[in-house]
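Asks: Got a structure for you, written out below as structure tokens; questions coming shortly.
The values are calculated or read from the model by the stated rules, or taken from the named source; none is laboratory data. These figures come from a predicted structure and were not determined experimentally. Virtual Cβ from ideal backbone geometry, glycine too; neighbours counted across all protein chains shown. Keep in mind that these areas ignore ligands, DNA and RNA; they rest on the heavy atoms of the full protein, side chains included. Shrake-Rupley method; radii C 1.70, N 1.55, O 1.52, S 1.80 Å.
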Amino acid sequence: MMGPAHSLSGAMAWLGVGLVAAAVDHPMPWPVLLAGTLICAGAALAPDLDQKGATISRAFGPPSRWLAGLIDKLSVTVYNATRGRRDRRRTGGHRTLTHTWVWALLIGAGFSAAAVLFGRWAVLIILFIHMVLAVEGLLWRMARMSSDVLVWLLGATSAWILAAVLDEPGNGSTWLFAEPYLWLGIPIVLGAMVHNLGDALTISGVPVLWPLTIKGRRWYPIGTPSFMRFKAGAWVENKVLMPVFMVVGAASGIGALVLAA
């Protein structure tokens, strides 16, 4: 999938979680629903950090491009070091390590730990990163027409406002856990896994179950039946899936707010 579809699917996924949480009598305060939706939308772009041309790799200028190159090298190194007997050697790391459940959990746990250990400034940085990515994904047309600096300013302003709102008593910093902001890793893990599910609909599939060996391959590309797959950016993505993501997400968000009221 392309970036906008990934971000929309991430937003839809968190709004769906909000609806389920409200239905089981553990509703999210509205700031958690909002912040989590934007974080999940941004995190749904993150697995493509193994590709220099991806949205996330361009989002923060030279630092993110440098990091993308590093992640690509790490990914191909891990791939070649752990490949099964039927996995071919690779020279590029796209759709390998960062497209696995292991990576999703590690990244989510790392961000949660940072928020708990380092407090407000870590929370602000986490929010800033994901707000910028959410803007790049959800408002991609406007983001491409504007300058990077304006996108960064919007991300920083959104992060500062959301952190201030979440810090207010009852607004969600301790939603789900007694430790403030421990929940931040959940939409990050969810966003990464939704990205993987989206890519599993495309022709190449993704090795999301690594390191489980399937048919002699440790990097077995999981996907839907071949007749159901499509190329990234195809009409089915733009004309069918994205409208579905918007409608389901909106309905879930309204349902979550109504049940929580």
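Asks: Just to check, using Stokes-Einstein with a Kirkwood Rh over alpha carbon pairs, what's the diffusion coefficient of segment 177-261 at 25 °C and 0.890 mPa s in µm²/s?
Replies: Value of D from the Cα-based Kirkwood radius: 158 µm²/s.
Asks: I would also like to ask the following. Going by amide H atoms built from the backbone, whose H comes under 5 Å of the H on T174, apart from near neighbours?
Replies: Under 5 Å from the amide H of T174: Y181.
Asks: For V236 and S147 in one chain, what is 0.36 nm times their gap in residues minus the Cα-Cα distance, to one decimal in nm?
Replies: 29.0 nm is the gain from fully extending V236 to S147.
Asks: Once the dipole of the chain is set up with Lys and Arg at +1 and Asp and Glu at -1 on Cβ about the Cα centre, which of P225, L19, L70 lies farthest towards its positive end?
Replies: Farthest towards the positive pole: P225.
Asks: On to the next question. With charges set only on the Cβ (+1 for Lys and Arg, -1 for Asp and Glu), what does the dipole of the chain come to about its Cα centre, in debye to the nearest 20? Show your work: numbers first, answer last.
Replies: Values: 20 positive and 12 negative charges, 311 e Å.
It works out to roughly 1500 debye.
Asks: Continuing with the same structure: Just tell me which lysines come within less than 26 Å, Cα to Cα, of K52; anything on the same chain fewer than 8 places away is out.
Replies: Straight-line reach from K52, under 26 Å: K73, K231.
Asks: For a quick check of understanding: with a 1.4 angstrom probe and all protein chains in place, what accessible area in square angstrom does T77 have, to the nearest ten?
Replies: Approximately 90 Å² of T77 is accessible to the 1.4 Å probe.
Asks: Related question: As I understand it, the value is the acute angle between the Cα axis of helix 62-82 and the longest principal axis of the Cα atoms of the chain; what does it come to in degrees, rounded to 10?
Replies: It is inclined by approximately 50 degrees.
Asks: Could you let me know the centre-to-centre spacing of segment 1-34 and segment 228-245, using Cα atoms, in angstrom?
Replies: Value for the Cα centre distance between the two parts: 20 Å.
Asks: Hey, another quick one. In Å, what Kirkwood hydrodynamic radius results for segment 123-248 from the alpha-carbon pair distances?
Replies: That comes to 17.4 Å for segment 123-248.
Asks: Related question: Skip the ligands, DNA and RNA, and give the accessible area per residue of segment 95-210 with a 1.4 Å probe, whole Å².
Replies: With the other protein chains kept in place, segment 95-210 gives 46 Å² per residue.
Asks: To continue, here is another question. Considering every Cα-Cα pair within segment 1-71, what fraction, in whole percent, is farther apart than 16 Å? Display every interim value, and only then the final one.
Replies: Values: 1321 of 2485 pairs.
Considering segment 1-71, 53 percent of its Cα-Cα pairs are separated by more than 16 Å.
Asks: Let me ask another. Using a 1.4 Å probe on the protein heavy atoms, what percent of the accessible area of the chain belongs to carbon and sulfur? Numbers along the way, then the final one.
Replies: Details: 9030 of 12800 Å².
That share works out to 71 percent.
Asks: Can you compute 3J(HN,Hα) from phi for each residue in segment 211-220, using the Karplus curve 6.51 cos²θ - 1.76 cosθ + 1.60 with θ = phi - 60°, rounded to whole Hz and x for Gly and Pro?
Replies: Per residue, the Karplus-derived 3J(HN,Hα) values read x, 5, 8, 10, 6, x, 10, 7, 10, 5 Hz.
Asks: Normalised by the number of residues in the chain, what is the relative contact order in percent for Cα pairs under 8 Å and 6+ residues apart?
Replies: 33
Asks: Work out the FRET efficiency for F177 and V258 from their Cβ-Cβ distance, taking R0 = 22 Å, and round it to the nearest 0.05.
Replies: 0.30
Asks: Considering the values (1) 56, 43, 31; (2) 62, 36, 32; (3) 55, 40, 37, which represents Cα extents along the principal axes in Å as calculated for the structure under consideration?
Replies: Given (1) 56, 43, 31; (2) 62, 36, 32; (3) 55, 40, 37, the calculated one carries the label (3).
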